[in-house]
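Student: Here it is, the structure in full.
The values are calculated or read from the model by the stated rules, or taken from the named source; none is laboratory data. Because the structure is a prediction, the values reported are computed rather than measured. Counting neighbours? That spans all protein chains shown, and the Cβs are built from the backbone with ideal geometry, glycine included.
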Amino acid sequence: MREIKIKDKGFPIILEPYPHILIPSKKQLHGWWPGKRECTGERLLINPYNGCSIGCFFCYTRAFPGYFELFQNRGIVVVAEDFPSTVEKQLDSINVASCGYLSPVCDPFQKVNEKYHYSEKIIRIFTERNIPIEFITKSEVPEEVIELLKIQKHSFGQISILTLDDNLRRVLVPFGADTETLLNNIKRMKKNGIFVVARIDPILPFVNDDKEDLKKLVERCIEAGASHIITSVLDIPLKIKNFVFEEISKKFGKKTVRLYSELYREKIDGYLHADINYRKGIFTFLKSLTQKESVSFALCMEYGIEDGKPRGLNRRFATSINCEGINIPLYIRKNKKFIPATNCHGNCLNCNEALCGISELAMGKPGSKKDWKLKDYRRWSKKIRPSFLSI
Ligand code: SF4
Ligand code: SF4
């Protein structure tokens, strides 16, 4: 059996259902990464897998270091062995929790999940404790997940759907679910009373940016039950620029690459961005469309340069309080389950009041720390000890 050597230790490559290795992991739940954070709500990020077999050529994680390089260079996914029980122990060590965000750097329902079902297990661990959890996917949402989400009132799902044209979808998202299945995910969740976000994310210039097509796509997503639309225009990490341009050339022709070379001139923190006026044109169009359709709208990680510094574009384009369209407060433990700490909007990034009792988490003041770790949740857990706590 072939193996991968990591720090002189061999890990056998398991071929089915997709080449992967199992690595013991002490990874901890953590909040957003430092830097130019735009995400308004606090989250506990959970990464059971590194590398993603859905295979989008434009995926920014192809530029990530560490285990992600193993996927980009050799097509091998890394599975954090027994990760659900690690998550369970960590949740049981805190009395304060924000909404979980399952698998921000790969699809939670990709091929290896068919063997390990870590995503379903982790969602169960959260919902059993009544802690909200969310995910983003381009795959079919398992029925078990819908059954679990529907019992936790702030849990929700985001479906990434880039085009209604399934031939184009096969090129962009080769091992994702087909377009009808994605629309059906939205319908199934909506039918079960679960908040659903449709993400047209990313829009690739000259590929899926036709305004008439975008209009039809937004209308179909809303008709299926989406309550909020998120979009972004493709950013290209400089590290994988050549790879992405070669793929665009192979898939869409040399003329499209020339158009990209002209359009992608703006560099922000190691990423190439499409011309700001092009992006603003798309966002203005989608914002006004969603306003007509009476659903909320936001951008994901979109920046422009103002006074020489990157500034988030959501200030101008978002029509919701939180970028994900749903307001989720912090939760605190009451015996074995958690309950909302307060009935705030959960937009901690802009909050000045800290009704939840965690003053550091109200990050509205300039210069606030914005990246939180499990150790911070443990520290807050000691402070928050309402009289009804039994632990
Ligand atoms: S589904 Fe998401 S994480 Fe997976 S390859 Fe595509 S963009 Fe990357
Ligand atoms: S009160 Fe403010 S800091 Fe606390 S959870 Fe709500 S939005 Fe976040």
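Student: Look through segment 49-76, keep the residues that are touching a strand residue (DSSP E or B) at 6+ places or on another chain (Cβ under 7 Å) and away from ligand 1 (no atom under 13 Å from the Cβ), and return whichever of them is nearest to SER155 (Cα to Cα).
Tutor: Taking the candidates together, the pick is TYR67.
Student: Okay, next question. Please go through segment 279-296 and give me each residue that is of a type in the set (A, V, I, L, M), part of a helix (DSSP H, G or I) and touching a strand residue (DSSP E or B) at 6+ places or on another chain (Cβ under 7 Å), ordered by number. It would help to see each step written out before you state the result.
Tutor: So the first thing to find is which residues in segment 279-296 are of a type in the set (A, V, I, L, M), and the list is 282, 286, 289, 295.
Remaining after also requiring part of a helix (DSSP H, G or I): 282, 286, 289.
Within segment 279-296, ILE282, LEU286 qualify.
Student: Moving to a separate point now. What are the residues in segment 323-350 that are under 23 Å from the mean Cα position of the chain (by Cα) and either acidic (Asp, Glu) or crowded, with 22+ Cβ neighbours inside 10 Å (or both), if any?
Tutor: Restricting attention to segment 323-350, the residues satisfying the condition of being under 23 Å from the mean Cα position of the chain (by Cα) are 323-331, 340, 344-350.
Hits for segment 323-350 are CYS323, GLU324, GLY325, ILE326, ILE328, PRO329, LEU330, TYR331, GLY346, CYS348.
Student: Could you list, in sequence order, all residues of segment 13-24 that are part of a loop (DSSP other than H, G, I, E, B), in contact (Cβ under 8 Å) with a residue 12 or more places away in the chain and out of contact with any helix residue (DSSP H, G or I) (no Cβ under 6 Å at 6 or more places or on another chain)?
Tutor: Result: ILE13, GLU16, TYR18, PRO19.
Student: If you go through segment 45-69, how many residues are in contact (Cβ under 8 Å) with a residue 60 or more places away in the chain and either within 16 Å of ligand 2 (Cβ to nearest atom) or in a loop (DSSP other than H, G, I, E, B) (or both)? Working first, answer last.
Tutor: Quick first cut of segment 45-69, residues in contact (Cβ under 8 Å) with a residue 60 or more places away in the chain only: 46, 48-49, 53-58, 60, 62-63.
Then keep just the ones that are either within 16 Å of ligand 2 (Cβ to nearest atom) or in a loop (DSSP other than H, G, I, E, B) (or both); that gives 48, 53-58.
The qualifying residues number 7.
Okay, residues lined up against (1) assigned to a helix (DSSP H, G or I); (2) away from ligand 2 (no atom under 16 Å from the Cβ):
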{"position": "LYS115", "(1), (2)": "yes, yes"}
{"position": "SER119", "(1), (2)": "yes, yes"}
{"position": "ILE122", "(1), (2)": "yes, yes"}
{"position": "PHE126", "(1), (2)": "yes, yes"}
{"position": "ILE131", "(1), (2)": "no, no"}
{"position": "PHE135", "(1), (2)": "no, yes"}
{"position": "VAL141", "(1), (2)": "no, yes"}
{"position": "VAL145", "(1), (2)": "yes, yes"}
{"position": "LEU148", "(1), (2)": "yes, yes"}
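Student: Please pick out the residue among ARG315, ARG311 that is assigned to a strand (DSSP E or B), basic (Lys, Arg), more than 9 Å from ligand 2 (Cβ to nearest atom) and at negative phi.
Tutor: After applying the criteria, what remains is ARG311.
Student: Filter segment 244-268 down to the residues that are more than 12 Å from PRO205 (Cα to Cα), without any contact (Cβ under 8 Å) to a residue 40 or more places away in the chain and not charged (D, E, K, R) and list them by number.
Tutor: PHE245, SER249, GLY253
Student: Suppose we filter segment 189-213 for residues that are surrounded by fewer than 21 Cβ atoms within 10 Å (Cβ to Cβ) and assigned to a helix (DSSP H, G or I); how many remain?
Tutor: Looking only at that region, the number is 5.
Student: Are any of the residues in segment 97-108 among the charged types (D, E, K, R), touching a residue at least 60 places away in the same chain (Cβ under 8 Å), surrounded by fewer than 23 Cβ atoms within 10 Å (Cβ to Cβ) and not in a helix (DSSP H, G or I)?
Tutor: The answer is no, given that none of the residues of segment 97-108 is among the charged types (D, E, K, R), touching a residue at least 60 places away in the same chain (Cβ under 8 Å), surrounded by fewer than 23 Cβ atoms within 10 Å (Cβ to Cβ) and not in a helix (DSSP H, G or I).
To keep it simple, each residue is scored yes or no on (1) within 22 Å of ARG129 (Cα to Cα); (2) out of contact with any strand residue (DSSP E or B) (no Cβ under 9 Å at 6 or more places or on another chain); (3) modelled with pLDDT under 95.
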position: ALA318; (1), (2), (3): no, no, no
position: ILE326; (1), (2), (3): yes, no, no
position: ILE332; (1), (2), (3): yes, no, no
position: LYS336; (1), (2), (3): yes, yes, yes
position: ASN343; (1), (2), (3): yes, yes, yes
position: ILE358; (1), (2), (3): yes, no, yes
position: GLY364; (1), (2), (3): no, yes, yes
position: LYS383; (1), (2), (3): yes, no, yes
position: SER387; (1), (2), (3): yes, yes, yes
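Student: Can you find even one residue in segment 269-276 that is of a type in the set (D, E, K, R), in contact with a helix residue (DSSP H, G or I) (Cβ under 9 Å, 6 or more places away or on another chain), within 30 Å of TYR377 (Cα to Cα) and touching a residue at least 60 places away in the same chain (Cβ under 8 Å)?
Tutor: No - not one qualifying residue is present in segment 269-276.
Student: Does GLY357 satisfy the criteria of being assigned to a loop (DSSP other than H, G, I, E, B), surrounded by 13 or more Cβ atoms within 10 Å (Cβ to Cβ) and on the phi > 0 side of the Ramachandran plot?
Tutor: It is true that GLY357 is assigned to a loop (DSSP other than H, G, I, E, B), surrounded by 13 or more Cβ atoms within 10 Å (Cβ to Cβ) and on the phi > 0 side of the Ramachandran plot.
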